[in-house]
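The values are calculated or read from the model by the stated rules, or taken from the named source; none is laboratory data. Quick caveat: nothing in here was measured; it's all calculated off a predicted structure. No Cβ is skipped: glycine too gets one built from the backbone with ideal geometry, and neighbour counts run over all protein chains shown. Accessible surface is based on the protein model in full, side chains and every heavy atom, while ligands, DNA and RNA are left aside. Shrake-Rupley method; radii C 1.70, N 1.55, O 1.52, S 1.80 Å.
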Amino acid sequence: NSQDLNIRNLISDKDIYFQGNDGGSNFTALTLDMSNAGQATFNKGASFADHVYLADNAKLTLGGGDDGTLYSDGTNIIQTATGNLTLDVAGTITLDADNTGTIYLSDGGTNYGLFFQDSNRFFIQSQVSDADMLFRGSDAGNVFTALTLDMSAGGSASFSKDILLGDNSAARFGAGQDLAIFHD
């Protein structure tokens, strides 16, 4: 067709299979599902099931406007887009950073915060000097700051409302906890 090669299954809703032989075992490398607009399933049932391999610096581009790109530069996985990235799963989302256990939060390439663990302790850390940490919520549709940690004042805490302690508890003050207010 105008010097192009067309591969076509003329039977309605019947698939196209790309098959091969690996060490004497026959397998289907790629299935194009014609009852689902040509949905591609790679290497189903093989020893490396459901993997699509791209070389370093090869890009997987998604979207009608090529607005989502995912690629590896040999060291990092890089995602670029002109819009937003949404992760929406039916189960849980796990962020697993082996080695350091550090997860960075950045904006425009500038690191502003991180999550990490050390000696079985979990840390949330601001990376911007003197930048406060705010804990916000919504009450009847009104957004408010419940707690502000003032980093320019050594982490001084300001609560927007009461501090409630349960029965048989105490608020302790000072390095030696030499002042305490008890409630029983």
Practice task
Write out, first by first residue and then by second, each pair whose Cβ atoms fall under 8 Å of each other, whose residues are 6+ apart or on separate chains, and whose first residue, in the range 68-95, is open to solvent by 100 Å² or more (accessible area, probe 1.4 Å) and of a type in the set (A, V, I, L, M) while the second is outside any loop (DSSP other than H, G, I, E, B) and modelled with pLDDT under 70.
Solution key: LEU85/GLN79
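Can we say ASN142 is over 30 Å from PHE182 (Cβ atoms), without any contact (Cβ under 8 Å) to a residue 24 or more places away in the chain, open to solvent by less than 70 Å² (accessible area, probe 1.4 Å) and not charged (D, E, K, R)?
Details: over 30 Å from PHE182 (Cβ atoms): yes; without any contact (Cβ under 8 Å) to a residue 24 or more places away in the chain: yes; open to solvent by less than 70 Å² (accessible area, probe 1.4 Å): no; not charged (D, E, K, R): yes.
No: the conditions fail for ASN142.
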Exercise for the section: Give me a count of the residues in the range 111-147 that are outside any strand (DSSP E or B) and farther than 17 Å from ASN99 by Cβ. Expected result: 8
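The rows are residues; the columns are (1) modelled with pLDDT under 70; (2) within 30 Å of ASN120 (Cα to Cα); (3) of a type in the set (A, V, I, L, M).
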position	(1), (2), (3)
ASN9	no, no, no
GLY20	no, no, no
PHE27	no, no, no
LYS59	no, no, no
GLN79	yes, no, no
LEU87	no, yes, yes
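Tell me, which residue of the range 124-145 that is hydroxyl-bearing (Ser, Thr, Tyr) and within 25 Å of the chain's Cα centre (by Cα) is modelled with the highest pLDDT?
Keep residues of the range 124-145 that are hydroxyl-bearing (Ser, Thr, Tyr), which gives 126, 129, 138, 145.
Filter again for within 25 Å of the chain's Cα centre (by Cα), leaving 126, 138.
Values: SER126: 92, SER138: 96.
Ranking the qualifying residues of the range 124-145, first place goes to SER138.
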